[in-house]
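Reading through the structure tokens given below for one structure.
The values are calculated or read from the model by the stated rules, or taken from the named source; none is laboratory data. No experiment lies behind these values; they were computed from the predicted model shown. We place every Cβ from the backbone using ideal geometry, glycine too, and count neighbours over all the protein chains shown.
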Amino acid sequence: MYYFLIPLFFGFASNLASAFTTAYSGKWGNRAGTVITFLLRNIFGIPVWAAGFVLSVHESTELLFHLSTPGQVIGWFFIAAGCVIIIIALVSIRAKAAAPAVGNNLVNTGIYSLVRHPIHSGTMLEFAGIFVLRPSAYVGIACITGFLWIYLQSLFEERDLLLRIPGYKDYMMHVPRFIPVLKKIL
């Protein structure tokens, strides 16, 4: 049934709660704030919502459309492109992705000169690819929920980043959130 929503929502909520590094650090100190953020994001967040996605894929529901060979290629392309974008972004920001801290420096080079949230952009591509490969109502619900969560996550993260990273406000005005401007790429 809709049991996949339990880990999906719990994981998304935990991940969303990880966007308050500055608040946790202000209340319990910088080290504790980083540890709390790490646990919420990497233990209770990402693995749990990912399990929700796996469950949605394995739910037995009728497919919404027939998957052709070109459709499979497109689905796998979206997933691969999302993975590449995420890996490039993680290499660029290193430990700051898993354990952000008050006093991190602004990363605005490489992929971060094109979009502010490349990890979120890559994740959205992966969600789209999963839906193309398994176009069921449950996977559709999981993907739509995922897109909404990513949007909210980016809003909450940006509020936190404005508080803890000097220069982030100016960076926001010049770099788009998820989709790069084509003339910057070319």
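Filtered by the rule that a residue be touching a Lys or Arg at 6+ places or on another chain (Cβ under 8 Å) and part of a helix (DSSP H, G or I), the range 163-186 gives Y171, M172.
Annotation note: of F9, F78, the sole residue that is among the hydrophobic types (A, V, I, L, M, F, W, C), surrounded by 19 or more Cβ atoms within 10 Å (Cβ to Cβ) and either without any contact (Cβ under 8 Å) to a residue 60 or more places away in the chain or under 22 Å from S136 (Cβ atoms) (or both) is F78. Close Cβ contacts (under 8 Å, 6 or more residues apart or on different chains) running from residues in the range 51-73 that are at pLDDT below 85 to residues that are of a type in the set (S, T, Y) comprise T61/S136; T61/Y138.
Condition check ((1) part of a helix (DSSP H, G or I); (2) over 25 Å from S14 (Cβ atoms); (3) touching a strand residue (DSSP E or B) at 6+ places or on another chain (Cβ under 7 Å); (4) touching a residue at least 12 places away in the same chain (Cβ under 8 Å)) across all residues:
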{"residue": "I85", "(1), (2), (3), (4)": "yes, no, no, yes"}
{"residue": "I88", "(1), (2), (3), (4)": "yes, yes, no, yes"}
{"residue": "S92", "(1), (2), (3), (4)": "yes, no, no, yes"}
{"residue": "V102", "(1), (2), (3), (4)": "no, no, no, yes"}
{"residue": "V132", "(1), (2), (3), (4)": "yes, yes, no, yes"}
{"residue": "V139", "(1), (2), (3), (4)": "yes, no, no, yes"}
{"residue": "T145", "(1), (2), (3), (4)": "yes, no, no, yes"}
{"residue": "L161", "(1), (2), (3), (4)": "yes, no, no, no"}
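Count of the range 104-130 residues, restricted to those that are assigned to a helix (DSSP H, G or I) and either touching a residue at least 40 places away in the same chain (Cβ under 8 Å) or in contact with a Gly (Cβ under 8 Å, 6 or more places away or on another chain) (or both), is 13. The set of residues in the range 1-47 that are of a type in the set (S, T, Y) and assigned to a helix (DSSP H, G or I) comprises S14, T21, T22, Y24, S25, T34, T37.
Taken together, the residues in the range 138-186 that are polar (S, T, N, Q) and either farther than 22 Å from V102 by Cα or surrounded by fewer than 17 Cβ atoms within 10 Å (Cβ to Cβ) (or both) amount to 1.
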